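*Asks:* Mind having a look at this structure? Questions to follow.
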Amino acid sequence: MIPSEYLNAAYLKAIAQQVSRDVKEKYVDGDTPAQMTIISEDVFHADREVTQTALFEFLGILQQVIDKTEKRMTRYQFTKKGALNTTVKLPATKGSKNG
């Protein structure tokens with residue numbers, strides 16, 4: 001059985017990675033201009049557009065969350081019973097591209 005702390009960390013990591021991908025794809029200028037702009041209605045009109053600098057800071061925070069959750073996940077090592085009751089080590093989560 002997979003521990004709930006591991007599942008929670010994996011879920012948090014997946015959410016942070018998806019939000020990061022969405023922000024990069026839609027709101028951050030890269031090779032092409034951003035598709036959309038984030039507007040805040042709770043500030044002065046001149047300051048209502050969220051800047052690229054603020055988005056990069058947000059992406060940095062998301063990366064920290066991803067790194068911390070990966071660190072939490074590496075505390076667990078799972079094994080799986082193979083044929084003839086041999087134990088096979090599953091690959092580590094650190095550096096996983098699909099995760």
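The values are calculated or read from the model by the stated rules, or taken from the named source; none is laboratory data. As the structure is a computational prediction, the values presented were derived from the model and not from experiment. Here the Cβ positions follow ideal geometry from the backbone for every residue, glycine too, while neighbour counts run over all protein chains shown.
*Asks:* Among the residues of the range 26-44, is there at least one that is touching a Phe, Trp or Tyr at 6+ places or on another chain (Cβ under 7 Å), of a type in the set (A, V, I, L, M), surrounded by 10 or more Cβ atoms within 10 Å (Cβ to Cβ) and within 20 Å of Ile66 (Cβ to Cβ)?
*Replies:* no
*Asks:* Step by step: first the residues of the range 62-74, then only those that are more than 13 Å from Asn8 (Cβ to Cβ) and more than 11 Å from the chain's Cα centre (by Cα), then the one that is surrounded by the fewest Cβ atoms within 10 Å (Cβ to Cβ). Which residue is that?
*Replies:* Restricting attention to the range 62-74, the residues satisfying the condition of being more than 13 Å from Asn8 (Cβ to Cβ) are 62-64, 66-67, 70-71, 74.
From the residues that got through so far, the ones that are more than 11 Å from the chain's Cα centre (by Cα) too are 71, 74.
Working: Lys71: 11, Thr74: 13.
Checking each candidate, the answer is Lys71.
*Asks:* Looking at (1) over 22 Å from Leu12 (Cβ atoms); (2) at pLDDT 90 or above, which one does Gln35 not meet, given that it meets all the others?
*Replies:* In the conditions (1) over 22 Å from Leu12 (Cβ atoms); (2) at pLDDT 90 or above, Gln35 misses (2) alone.
*Asks:* Moving on. Under 9 Å between Cβ atoms, at least 6 apart or on separate chains: pull out the pairs that start in the range 1-29 with a residue that is under 16 Å from Gln52 (Cβ atoms) and end on any residue that is of a type in the set (S, T, N, Q).
*Replies:* Ser20/Gln63; Glu25/Gln35; Lys26/Gln35; Tyr27/Gln35; Tyr27/Thr37; Tyr27/Gln52; Val28/Gln52; Asp29/Gln52
*Asks:* Would you check if there is a residue in the range 43-61 being of a type in the set (Val, Ile, Thr), assigned to a loop (DSSP other than H, G, I, E, B) and within 30 Å of Asn8 (Cβ to Cβ)?
*Replies:* Of all residues in the range 43-61, those of a type in the set (Val, Ile, Thr) come to 43, 50-51, 53, 61.
Subsequent filtering for residues that are assigned to a loop (DSSP other than H, G, I, E, B) retains 43, 50-51.
Still in the running and within 30 Å of Asn8 (Cβ to Cβ): 50.
Yes: one or more hits.
*Asks:* If you take the residues of the range 1-20 that are β-branched (Val, Ile, Thr) and assigned to a helix (DSSP H, G or I), which of them is nearest to Ile61 (Cα to Cα)? Steps first, answer last, please.
*Replies:* Filtering the range 1-20 down to residues β-branched (Val, Ile, Thr) leaves 2, 15, 19.
Filter once more, so that each one left must be assigned to a helix (DSSP H, G or I): 15, 19.
Details: Ile15: 13, Val19: 11 Å.
The selected residue is Val19.
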